[in-house]
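The values are calculated or read from the model by the stated rules, or taken from the named source; none is laboratory data. What you are looking at is a predicted structure, and each value in this text was computed from that prediction instead of being measured. Note: ideal-geometry Cβ built from the backbone for every residue, glycine included; neighbour counts use all protein chains shown. Ligands, DNA and RNA are excluded from the accessible area calculation, which covers all protein heavy atoms including side chains. Shrake-Rupley method; radii C 1.70, N 1.55, O 1.52, S 1.80 Å.
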Amino acid sequence: MTLVALSGGVGGAKLVSGLAGVCGPGELMAVVNTGDDFDYLGLRVCPDIDSVLYAAAGLNDSVRGWGRENESWNFHHSLPQLGFESWFMLGDRDLATHVLRTDWLRQGATLSEVTARMAHALGLAFDIVPMSDDAVRTHVDTPEGVLAFQDYFVRRRCEPLCRGIRFEGAGTARLAAPLARQADAGAVQGWVICPSNPFVSIGPMLAVPGLRDRLGQRRAPCVAVSPIIAGQAVKGPAAKMMAELGLEVSALGVARRYAGLIDGLVLDRRDAAQAPAIEALGIRVGVTDTLMTDADSRERVARASLELIARCG
Ligand code: FO1
(Lines give C-alpha, C1' and ligand atoms only; values in the text may rest on other atoms or scores of the structure.)
Protein backbone atom coordinates (compact mmCIF):
# COMPACT_ATOMS: atom_id res chain seq x y z
CA MET A 1 0.00 0.00 0.00
CA THR A 2 1.23 3.46 -0.86
CA LEU A 3 0.89 6.94 0.54
CA VAL A 4 0.87 9.50 -2.28
CA ALA A 5 2.24 12.98 -1.57
CA LEU A 6 1.58 15.74 -4.12
CA SER A 7 4.51 18.13 -3.93
CA GLY A 8 5.85 21.36 -5.35
CA GLY A 9 9.31 22.70 -4.46
CA VAL A 10 10.66 23.85 -1.11
CA GLY A 11 7.78 23.29 1.38
CA GLY A 12 6.63 20.15 -0.39
CA ALA A 13 10.15 18.74 -0.44
CA LYS A 14 10.41 19.24 3.34
CA LEU A 15 7.20 17.32 4.04
CA VAL A 16 8.16 14.57 1.57
CA SER A 17 11.43 14.15 3.51
CA GLY A 18 9.45 13.96 6.77
CA LEU A 19 7.05 11.38 5.31
CA ALA A 20 10.01 9.35 4.04
CA GLY A 21 11.27 9.30 7.64
CA VAL A 22 8.04 7.86 9.04
CA CYS A 23 6.98 5.56 6.16
CA GLY A 24 8.58 2.18 5.54
CA PRO A 25 10.67 1.53 2.41
CA GLY A 26 8.49 1.50 -0.70
CA GLU A 27 5.44 2.88 1.14
CA LEU A 28 5.68 6.45 -0.17
CA MET A 29 5.31 7.93 -3.64
CA ALA A 30 6.03 11.64 -4.12
CA VAL A 31 4.26 12.99 -7.20
CA VAL A 32 5.94 16.23 -8.22
CA ASN A 33 4.87 19.31 -10.16
CA THR A 34 6.58 19.75 -13.53
CA GLY A 35 4.81 22.96 -14.56
CA ASP A 36 7.94 24.96 -13.56
CA ASP A 37 10.19 22.90 -15.85
CA PHE A 38 11.95 24.71 -18.64
CA ASP A 39 14.73 24.36 -21.16
CA TYR A 40 17.70 26.56 -20.42
CA LEU A 41 20.88 26.61 -22.54
CA GLY A 42 19.77 23.30 -24.03
CA LEU A 43 19.31 21.67 -20.61
CA ARG A 44 16.06 20.36 -19.11
CA VAL A 45 15.69 21.93 -15.67
CA CYS A 46 12.98 20.47 -13.37
CA PRO A 47 13.13 22.70 -10.26
CA ASP A 48 10.57 20.88 -8.12
CA ILE A 49 11.90 17.40 -8.89
CA ASP A 50 15.38 18.71 -8.06
CA SER A 51 14.16 20.16 -4.75
CA VAL A 52 12.56 16.85 -3.73
CA LEU A 53 15.60 14.79 -4.79
CA TYR A 54 18.10 17.09 -3.06
CA ALA A 55 16.08 17.51 0.16
CA ALA A 56 15.46 13.78 0.53
CA ALA A 57 19.13 13.02 -0.10
CA GLY A 58 20.26 15.77 2.33
CA LEU A 59 22.01 17.65 -0.50
CA ASN A 60 19.79 20.75 -0.62
CA ASP A 61 20.75 24.30 0.29
CA SER A 62 18.26 25.05 3.04
CA VAL A 63 19.03 28.77 3.21
CA ARG A 64 18.67 29.54 -0.51
CA GLY A 65 15.78 27.09 -0.81
CA TRP A 66 16.78 25.72 -4.22
CA GLY A 67 19.82 23.95 -5.63
CA ARG A 68 22.57 22.14 -3.77
CA GLU A 69 24.50 23.10 -0.65
CA ASN A 70 28.26 23.83 -0.79
CA GLU A 71 27.68 25.00 -4.33
CA SER A 72 30.24 26.78 -6.52
CA TRP A 73 29.33 29.02 -9.43
CA ASN A 74 32.20 28.76 -11.93
CA PHE A 75 29.88 27.78 -14.80
CA HIS A 76 27.49 30.65 -14.08
CA HIS A 77 30.25 33.26 -13.74
CA SER A 78 31.93 32.08 -16.94
CA LEU A 79 28.88 32.90 -19.06
CA PRO A 80 29.27 36.74 -19.09
CA GLN A 81 32.92 36.34 -20.20
CA LEU A 82 31.47 34.77 -23.35
CA GLY A 83 28.90 37.54 -23.79
CA PHE A 84 25.87 35.90 -22.13
CA GLU A 85 24.25 37.68 -19.18
CA SER A 86 22.00 35.25 -17.36
CA TRP A 87 19.21 35.80 -14.83
CA PHE A 88 18.98 32.08 -14.06
CA MET A 89 21.77 30.54 -12.00
CA LEU A 90 23.00 26.97 -12.36
CA GLY A 91 25.54 25.90 -9.76
CA ASP A 92 28.39 23.61 -10.76
CA ARG A 93 27.16 20.60 -8.74
CA ASP A 94 23.55 21.18 -9.78
CA LEU A 95 24.69 21.29 -13.42
CA ALA A 96 25.48 17.57 -13.30
CA THR A 97 21.78 16.82 -12.66
CA HIS A 98 20.58 18.84 -15.65
CA VAL A 99 23.26 17.56 -18.02
CA LEU A 100 22.56 13.91 -17.16
CA ARG A 101 18.78 14.34 -17.24
CA THR A 102 18.95 16.03 -20.66
CA ASP A 103 21.25 13.33 -22.03
CA TRP A 104 19.07 10.47 -20.75
CA LEU A 105 15.94 12.13 -22.13
CA ARG A 106 17.69 12.56 -25.48
CA GLN A 107 18.52 8.84 -25.47
CA GLY A 108 14.79 8.12 -25.19
CA ALA A 109 14.16 7.66 -21.46
CA THR A 110 10.99 9.20 -20.02
CA LEU A 111 11.17 11.82 -17.26
CA SER A 112 9.71 9.18 -14.88
CA GLU A 113 12.55 6.79 -15.75
CA VAL A 114 15.22 9.48 -15.44
CA THR A 115 13.87 10.61 -12.06
CA ALA A 116 13.65 7.03 -10.75
CA ARG A 117 17.23 6.41 -11.84
CA MET A 118 18.46 9.50 -10.00
CA ALA A 119 16.46 8.71 -6.86
CA HIS A 120 17.90 5.19 -6.86
CA ALA A 121 21.46 6.48 -7.37
CA LEU A 122 20.98 8.85 -4.40
CA GLY A 123 19.89 5.88 -2.25
CA LEU A 124 16.30 7.03 -1.69
CA ALA A 125 13.90 4.34 -0.42
CA PHE A 126 10.74 5.89 -1.88
CA ASP A 127 9.46 6.72 -5.36
CA ILE A 128 9.66 10.19 -6.90
CA VAL A 129 7.38 10.52 -9.90
CA PRO A 130 6.78 13.57 -12.13
CA MET A 131 3.06 14.32 -12.45
CA SER A 132 3.30 13.56 -16.17
CA ASP A 133 5.89 12.57 -18.74
CA ASP A 134 4.17 14.95 -21.16
CA ALA A 135 5.16 18.63 -21.17
CA VAL A 136 2.96 20.89 -19.02
CA ARG A 137 4.18 24.48 -18.73
CA THR A 138 2.82 27.06 -16.29
CA HIS A 139 2.28 30.60 -17.59
CA VAL A 140 1.28 33.64 -15.56
CA ASP A 141 -1.05 36.28 -16.97
CA THR A 142 0.32 39.73 -15.97
CA PRO A 143 -0.10 43.36 -17.11
CA GLU A 144 3.26 42.82 -18.92
CA GLY A 145 1.70 39.99 -20.92
CA VAL A 146 1.70 36.23 -20.42
CA LEU A 147 5.01 35.22 -18.85
CA ALA A 148 6.51 31.72 -18.80
CA PHE A 149 6.80 30.64 -15.17
CA GLN A 150 10.56 31.03 -14.66
CA ASP A 151 10.40 34.39 -16.45
CA TYR A 152 7.78 35.52 -13.92
CA PHE A 153 9.35 33.84 -10.89
CA VAL A 154 13.08 34.35 -11.30
CA ARG A 155 13.62 37.11 -13.89
CA ARG A 156 10.73 39.29 -12.69
CA ARG A 157 10.94 38.09 -9.04
CA CYS A 158 7.14 37.61 -8.95
CA GLU A 159 6.74 41.40 -9.04
CA PRO A 160 4.09 41.75 -11.80
CA LEU A 161 0.46 41.50 -10.73
CA CYS A 162 -0.79 37.94 -11.22
CA ARG A 163 -4.15 38.11 -13.04
CA GLY A 164 -4.45 34.43 -13.84
CA ILE A 165 -2.54 31.22 -14.41
CA ARG A 166 -2.63 28.74 -17.26
CA PHE A 167 -1.08 25.34 -17.66
CA GLU A 168 -0.16 24.83 -21.31
CA GLY A 169 -0.43 21.18 -22.32
CA ALA A 170 -2.20 20.03 -19.14
CA GLY A 171 -5.49 19.18 -20.86
CA THR A 172 -3.90 16.40 -22.94
CA ALA A 173 -1.12 15.39 -20.52
CA ARG A 174 -1.30 11.78 -19.33
CA LEU A 175 -0.77 10.98 -15.67
CA ALA A 176 2.67 9.39 -15.14
CA ALA A 177 2.36 5.62 -15.33
CA PRO A 178 3.69 4.69 -11.85
CA LEU A 179 0.93 6.66 -10.10
CA ALA A 180 -1.75 5.53 -12.57
CA ARG A 181 -0.82 1.88 -11.81
CA GLN A 182 -0.98 2.36 -8.02
CA ALA A 183 -4.25 4.29 -8.13
CA ASP A 184 -5.95 1.87 -10.56
CA ALA A 185 -4.88 -1.14 -8.48
CA GLY A 186 -6.57 0.44 -5.44
CA ALA A 187 -3.20 0.49 -3.69
CA VAL A 188 -3.29 4.12 -2.53
CA GLN A 189 -4.01 4.23 1.21
CA GLY A 190 -3.94 8.00 1.56
CA TRP A 191 -3.21 11.24 -0.30
CA VAL A 192 -1.32 14.20 1.15
CA ILE A 193 -1.29 17.60 -0.56
CA CYS A 194 1.97 19.13 0.67
CA PRO A 195 2.28 22.75 1.90
CA SER A 196 3.06 23.97 -1.61
CA ASN A 197 1.61 26.92 -3.51
CA PRO A 198 -2.02 25.91 -4.25
CA PHE A 199 -2.01 27.82 -7.55
CA VAL A 200 1.36 27.22 -9.21
CA SER A 201 2.55 24.01 -7.53
CA ILE A 202 -0.60 21.99 -6.85
CA GLY A 203 -2.68 23.73 -9.56
CA PRO A 204 -0.75 22.19 -12.50
CA MET A 205 -1.14 18.71 -11.00
CA LEU A 206 -4.89 19.08 -10.59
CA ALA A 207 -5.03 20.32 -14.20
CA VAL A 208 -3.81 16.90 -15.42
CA PRO A 209 -7.12 15.08 -16.06
CA GLY A 210 -5.82 11.63 -15.03
CA LEU A 211 -4.74 12.93 -11.62
CA ARG A 212 -7.79 15.09 -11.00
CA ASP A 213 -10.12 12.19 -11.90
CA ARG A 214 -8.31 9.65 -9.71
CA LEU A 215 -8.35 12.06 -6.77
CA GLY A 216 -12.06 12.69 -7.38
CA GLN A 217 -12.83 8.95 -7.47
CA ARG A 218 -10.51 7.97 -4.61
CA ARG A 219 -11.55 5.66 -1.82
CA ALA A 220 -8.67 6.66 0.48
CA PRO A 221 -8.71 9.97 2.39
CA CYS A 222 -6.95 13.08 1.10
CA VAL A 223 -5.52 15.65 3.51
CA ALA A 224 -3.61 18.87 2.84
CA VAL A 225 -1.11 20.80 4.95
CA SER A 226 -1.67 24.57 4.85
CA PRO A 227 1.20 26.50 3.22
CA ILE A 228 -0.10 29.65 4.95
CA ILE A 229 0.86 30.24 8.59
CA ALA A 230 -0.56 33.25 10.43
CA GLY A 231 -1.47 34.97 7.18
CA GLN A 232 1.93 34.50 5.54
CA ALA A 233 3.59 32.02 3.21
CA VAL A 234 6.67 30.40 4.73
CA LYS A 235 8.52 31.00 1.45
CA GLY A 236 7.65 32.03 -2.09
CA PRO A 237 4.81 33.97 -3.68
CA ALA A 238 1.79 31.96 -2.43
CA ALA A 239 0.46 34.78 -0.21
CA LYS A 240 0.91 37.44 -2.92
CA MET A 241 -0.77 35.24 -5.55
CA MET A 242 -3.67 34.28 -3.27
CA ALA A 243 -4.35 37.96 -2.55
CA GLU A 244 -4.06 38.97 -6.22
CA LEU A 245 -6.37 36.13 -7.30
CA GLY A 246 -8.98 37.18 -4.73
CA LEU A 247 -8.52 34.45 -2.11
CA GLU A 248 -8.21 35.27 1.59
CA VAL A 249 -4.58 34.74 2.68
CA SER A 250 -5.21 32.33 5.54
CA ALA A 251 -5.57 28.64 6.32
CA LEU A 252 -9.32 29.18 5.78
CA GLY A 253 -8.55 30.57 2.30
CA VAL A 254 -6.54 27.42 1.57
CA ALA A 255 -9.44 25.29 2.85
CA ARG A 256 -11.86 27.14 0.54
CA ARG A 257 -9.49 26.58 -2.39
CA TYR A 258 -9.38 22.81 -1.73
CA ALA A 259 -13.02 22.40 -0.60
CA GLY A 260 -14.62 19.36 -2.25
CA LEU A 261 -11.21 17.83 -2.88
CA ILE A 262 -9.79 17.22 0.61
CA ASP A 263 -11.15 15.45 3.68
CA GLY A 264 -8.78 17.10 6.15
CA LEU A 265 -6.45 20.08 6.60
CA VAL A 266 -3.45 20.31 8.94
CA LEU A 267 -3.06 23.85 10.27
CA ASP A 268 -0.49 25.61 12.37
CA ARG A 269 -1.30 26.24 16.07
CA ARG A 270 -1.36 29.98 15.32
CA ASP A 271 -4.35 29.38 13.03
CA ALA A 272 -6.28 27.08 15.37
CA ALA A 273 -9.05 29.69 15.81
CA GLN A 274 -10.01 29.09 12.15
CA ALA A 275 -10.78 25.41 12.81
CA PRO A 276 -14.59 25.82 13.26
CA ALA A 277 -14.94 27.77 9.99
CA ILE A 278 -12.88 25.11 8.17
CA GLU A 279 -14.89 22.27 9.72
CA ALA A 280 -18.07 24.05 8.56
CA LEU A 281 -16.80 23.39 5.00
CA GLY A 282 -16.88 19.65 5.78
CA ILE A 283 -13.11 19.45 6.27
CA ARG A 284 -11.63 17.86 9.41
CA VAL A 285 -8.81 19.75 11.08
CA GLY A 286 -5.49 18.68 12.56
CA VAL A 287 -3.40 21.21 14.48
CA THR A 288 0.37 21.18 15.07
CA ASP A 289 3.43 23.42 14.65
CA THR A 290 3.71 23.25 10.86
CA LEU A 291 6.94 25.25 10.44
CA MET A 292 9.55 22.72 9.26
CA THR A 293 13.06 23.79 10.22
CA ASP A 294 14.78 20.46 10.91
CA ALA A 295 14.30 16.69 10.65
CA ASP A 296 12.24 16.51 13.87
CA SER A 297 9.77 19.17 12.74
CA ARG A 298 9.49 17.59 9.28
CA GLU A 299 8.58 14.24 10.90
CA ARG A 300 6.17 15.96 13.30
CA VAL A 301 4.18 17.44 10.38
CA ALA A 302 4.38 14.09 8.58
CA ARG A 303 2.91 12.31 11.63
CA ALA A 304 0.16 14.93 11.98
CA SER A 305 -0.76 14.31 8.31
CA LEU A 306 -0.90 10.52 8.84
CA GLU A 307 -2.96 10.91 12.02
CA LEU A 308 -5.46 13.10 10.17
CA ILE A 309 -5.66 10.55 7.33
CA ALA A 310 -6.43 7.88 9.94
CA ARG A 311 -9.16 10.09 11.45
CA CYS A 312 -10.66 10.76 8.00
CA GLY A 313 -10.66 7.06 7.01
N1 FO1 B 1 15.41 30.35 -8.26
C2 FO1 B 1 15.83 31.63 -8.28
O3 FO1 B 1 15.21 32.50 -7.65
N4 FO1 B 1 16.95 32.00 -9.01
C5 FO1 B 1 17.67 31.11 -9.73
O6 FO1 B 1 18.65 31.48 -10.37
C7 FO1 B 1 17.25 29.73 -9.70
C8 FO1 B 1 17.96 28.73 -10.36
C9 FO1 B 1 17.55 27.38 -10.25
C10 FO1 B 1 18.29 26.37 -10.85
C11 FO1 B 1 17.89 25.04 -10.73
C12 FO1 B 1 16.74 24.73 -10.00
O13 FO1 B 1 16.36 23.44 -9.88
C14 FO1 B 1 15.99 25.73 -9.41
C15 FO1 B 1 16.38 27.07 -9.51
N16 FO1 B 1 15.67 28.10 -8.91
C17 FO1 B 1 16.10 29.40 -8.95
C18 FO1 B 1 14.46 27.81 -8.16
C19 FO1 B 1 13.23 27.65 -9.00
O20 FO1 B 1 13.25 28.14 -10.27
C21 FO1 B 1 11.94 28.08 -8.27
O22 FO1 B 1 12.11 28.16 -6.89
C23 FO1 B 1 10.87 27.08 -8.51
O24 FO1 B 1 10.55 26.94 -9.84
C25 FO1 B 1 9.61 27.39 -7.69
O26 FO1 B 1 9.18 26.18 -7.16
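Brief remarks on what is shown
- Antiparallel bridges, percent of DSSP beta bridges restricted to the chain (to nearest 5): 40 percent
- In degrees, nearest ten, helix 111-121 long axis to first principal axis of the chain (Cα): 90 degrees
- If the chain linking S62 and H120 were pulled fully straight, counting 0.36 nm for each residue of separation and taking away their Cα-Cα distance, it would gain 18.7 nm.
- Just so you know, the Rg over Rh for segment 173-313 is 0.95, from Cα atoms, with Rh as the Kirkwood radius.
- Top positive-direction residue, dipole computed over the chain with Cβ charges, set A220, A302, C194: A220
- Short-range pairs are left out: with C-alpha atoms under 8 Å and at least six residues apart, the relative contact order of the chain is 20 percent.
- With all protein chains kept in place, the per residue accessible area of segment 71-215 amounts to 46 square angstrom at a probe of 1.4 angstrom.
- Percent RCO, i.e. relative contact order, over segment 258-297, from Cα pairs under 8 Å lying at least 6 residues apart: 46 percent
- Taking label positions 7 Å along the Cα-Cβ direction at both R256 and A273, the computed distance is 1.8 nm, reported to one decimal.
- Cα-based radius of gyration for the chain, normalised by 2.2 N^0.38 Å, reads 0.95.
- Per-residue surface analysis assigns W73 an accessible area of about 50 Å², computed on protein heavy atoms at 1.4 Å probe radius.
- Contact order normalised by residue count of segment 1-44, Cα under 8 Å, 6+ apart, percent: 47 percent
- Label point of A187 set 7 angstrom out along Cα-Cβ; within segment 114-153, amide nitrogens under 12 Å from it belong to 127.
- Three semi-axes of the equivalent ellipsoid, segment 111-253, Cα gyration tensor, whole Å, largest first: 28, 19, 16
- Reported to the nearest whole Å, the Cα centre-to-centre distance from segment 91-162 to segment 21-54 is 7.
- In sequence order, segment 97-102 has phi-based couplings of 4, 6, 5, 5, 4, 4 Hz under the Karplus curve 6.51 cos²θ - 1.76 cosθ + 1.60, θ = phi - 60°, and Gly or Pro positions carry x.
- As a fraction of the 1.4 Å probe accessible area of segment 38-122, surface on carbon and sulfur atoms comes out at 53 percent.
- Applying a DSSP loop filter and a limit of 13 other Cβ atoms within 10 Å to the GluC sites (Glu not before Pro) in segment 1-101 leaves E85.
- Amide H contacts of Q189: T2, L3, V4, each under 5 Å away and 5 or more positions distant or on a separate chain (H built 1.01 Å from N in the peptide plane; Pro and chain starts excluded).
- Residue-span extension gain [L43 to R156] - 0.36 nm each, minus C-alpha spacing: 38.6 nm
- Close amide H contacts of E69 (hydrogens built in the peptide plane, cut-off under 5 Å, sequence separation of 5 or more or a different chain): N60, D61.
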